[in-house]
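Trainee: Quick one: this structure, given as structure tokens, is what I'll be asking you about.
None of the figures in this text is laboratory data; all of them are computed from the coordinates on show. Quantities reported herein were computed from a predicted structural model and do not represent experimental measurements. Quick reminder, even Gly has a Cβ in these numbers, built from the backbone with ideal geometry, and neighbours come from all protein chains shown.
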Amino acid sequence: MRQKSSPTAGGTMPGMDGVLSLGRGWRELPRSLVRVGSGAMVLAIGAALILSRPPEVVRLTPDQDCRLELAACRAEFAPGAALALDVAPRPIGPNAPLTIGVQLAGIDVRHIEASFRGVNMNMGVHELELQPAGGGEFRGSTTLPVCVSGRMSWELTLRLTSGRQIYLLPVRFDSGA
């Protein structure tokens, strides 16, 4: 007795070599098409996993002699890639306009934010987005809140975005008398 293959049982019919049956109600697909579709799905999932990774956060350290209230501070990303952070005017006074400048060399940064917080007194967090000024320079202006004690210690943290990396540079300085 001769037995027939049943396409509904997942087999193939005579003369249909290389064709995959997907069961009742589905059209039969060539195996090569199934392989291509599976490969494309694996590539899409891999790309999604790579692109959905969070950015790498790198903490920078300013030069040891950094005293922003006296002079510009410098930090290195890598050999040949650095930044200089400067403020004006000096001395840094409370409730007075303060200009922040960042000069970059050897690195492509698309976005810089500066956040200020009081070290010895909670003054909240004050954030400022620096704007590109051309030639690797970013600038922004703000006014620091007044401290009732006169002298205030601040921590300025620069957040620089470059590609899939975020660089953080914390710098402390004093304002007031």
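Trainee: Could you list all residues from the range 145-161 that are in a strand (DSSP E or B), free of Cβ contacts under 8 Å to residues at least 60 places away in the same chain and of a type outside the set (D, E, K, R)?
Mentor: Quick first cut of the range 145-161, residues in a strand (DSSP E or B) only: 152-161.
From the residues that got through so far, the ones that are free of Cβ contacts under 8 Å to residues at least 60 places away in the same chain too are 152-155, 157, 159.
If the condition is that a residue be in a strand (DSSP E or B), free of Cβ contacts under 8 Å to residues at least 60 places away in the same chain and of a type outside the set (D, E, K, R), then MET152, SER153, TRP154, THR157 are the ones that fit.
Trainee: Answer with yes or no whether VAL87 is more than 17 Å from ARG74 (Cα to Cα), in contact (Cβ under 8 Å) with a residue 12 or more places away in the chain and of a type in the set (A, V, I, L, M, F, W, C).
Mentor: Values: more than 17 Å from ARG74 (Cα to Cα): no; in contact (Cβ under 8 Å) with a residue 12 or more places away in the chain: yes; of a type in the set (A, V, I, L, M, F, W, C): yes.
Considered against the rule, which asks whether it is more than 17 Å from ARG74 (Cα to Cα), in contact (Cβ under 8 Å) with a residue 12 or more places away in the chain and of a type in the set (A, V, I, L, M, F, W, C), VAL87 comes out as no.
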